[in-house]
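Since the structure comes first, as structure tokens, the remarks are kept for the end.
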Amino acid sequence: MKTVTISTLNKLKQAGEKFSCLTAYDATFSSQISTAGVEVMLIGDSLGMVLQGHDSTLPVSVDDIAYHTQCVARGNKGSLVMADMPFMSNASMEQMLINAGKLMQAGAHMVKIEGEAWLAEGIRELTRRGVPVCAHLGLTPQMVNQFGGYKVQGKTEEAAQAIIAASQTLVDAGASVILLECVPNEVGRLVTEAVQVPVIGIGAGPYTDGQVLVLHDMLGVTMGRTARFVKNFMTETDSIPAAISRFHQEVKDNTFPAEEHCFQ
Ligand code: KIV
Ligand code: NA
């Protein structure tokens with residue numbers, strides 16, 4: 001695969017072409033996922049749940065993400081590598097800059113940070129120093145205790161408008177990508193139309209420019225019930241590489257996500 005950069009994602013958005021993203025945590029899967037043409041690999045703090053067995057993402061450290069980023073970077077065949085800034089890694093501006101620097105030096109091409117419009121100042125400082133940022137809005141799992149559970153966000157008109165406005169503010173501050181989690185289809189559509197930069201969705205409907213899933217979820221490797229937006233791609237294929245390729249193809253064709261994976 002030709003090396004994917006932020007410019008590649010922008011071109012895909014301009015051309016109205018979809019792109020795919022999967023989480024990756026190790027070198028072998030990284031090699032398989034990037035070989036399948038999946039444009040973006042995310043070292044998600046979901047690793048706290050799927051690899052470490054915690055019941056939230058809060059215990060994940062910057063060193064955990066840096067270690068898995070190094071592993072993924074070694075196996076990568078050309079995908080854009082995005083690393084999650086874990087819980088409280090941006091407790092102060094200084095800590096945020098130092099921690100983002102660690103993830104970039106571990107092999108990330110950009111970082112992802114959860115938050116709302118208040119992230120603007122941090123995004124400005126990071127981009128100024130050469131760290132591209134993906135701003136994660138909607139259901140931000142690091143806020144699970146504040147939200148009182150993992151709940152669909154942006155359901156009221158007011159909440160929807162707040163997500164759209166925050167996305168615009170963060171793009172104006174320099175965010176290169178927006179990621180929306182668990183919002184109604186209409187919010188996914190409105191944000192994707194409102195901002196110039198690529199928008200990646202998970203449980204955000206079929207209108208976003210890209211789609212992301214947690215690797216284990218889409219391979220049906222889980223410890224219990226899965227979210228509505230998850231599809232197990234192993235049921236229609238006979239190998240892991242085939243399931244990854246199928247996911248990529250269904251995102252490209254816009255057949256994933258289907259209505260049953262969405263929130264109306
Ligand atoms: O940590 C993660 O895997 C994520 C994706 C689900 C977007 O943030
Ligand atoms: Na995450």
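The values are calculated or read from the model by the stated rules, or taken from the named source; none is laboratory data. It should be emphasised that the depicted structure is a prediction, and the values quoted were computed from it without experimental measurement. Glycine also receives a Cβ, built like all others from the backbone with ideal geometry; neighbour counts cover every protein chain displayed. Quick note on the areas: whole protein, heavy atoms, side chains included, nothing else; ligands and nucleic acids left out. Shrake-Rupley method; radii C 1.70, N 1.55, O 1.52, S 1.80 Å.
Tabulated data for the structure shown
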read-out	value
Options Pro184, Pro241; residue that is more than 23 Å from Val81 (Cα to Cα) and touching a residue at least 60 places away in the same chain (Cβ under 8 Å)	Pro184
Matching option when the condition is open to solvent by 10 Å² or more (accessible area, probe 1.4 Å), among the small types (Gly, Ala, Ser) and within 30 Å of Leu170 (Cβ to Cβ), among Ala204, Ala227, Ala242	Ala227
Qualifying residue in segment 44-51 (condition: within 22 Å of Val133 (Cα to Cα) and hydrophobic (A, V, I, L, M, F, W, C))	yes
Residue match in segment 48-63 (condition: in contact with a strand residue (DSSP E or B) (Cβ under 6 Å, 6 or more places away or on another chain) and at pLDDT 95 or above)	no
Residue satisfying condition, being without any contact (Cβ under 8 Å) to a residue 12 or more places away in the chain, among the charged types (D, E, K, R) and on the phi < 0 side of the Ramachandran plot, within set Lys11, Lys2, Lys77, Lys18	Lys11
Residue count for segment 252-264, restricted to those that are open to solvent by less than 90 Å² (accessible area, probe 1.4 Å) and closer than 14 Å to Gly203 by Cβ	6
Residue match in segment 173-182 (condition: more than 16 Å from ligand 1 (Cβ to nearest atom) and not small (Gly, Ala, Ser))	no
Some residue of segment 214-236 being farther than 22 Å from Val144 by Cα and at pLDDT below 95	yes
Residue within segment 38-52 that is farther than 20 Å from Leu137 by Cα and surrounded by 22 or more Cβ atoms within 10 Å (Cβ to Cβ) present	yes
Strands (runs of 3 or more DSSP E) wholly inside segment 77-186 containing at least 1 residues that are of a type in the set (D, E, K, R) and open to solvent by less than 40 Å² (accessible area, probe 1.4 Å)	80-84, 110-114, 177-181
Residue in segment 210-220 that is more than 16 Å from ligand 2 (Cβ to nearest atom), aliphatic (A, V, I, L, M) and within 23 Å of Ala83 (Cα to Cα) present	yes
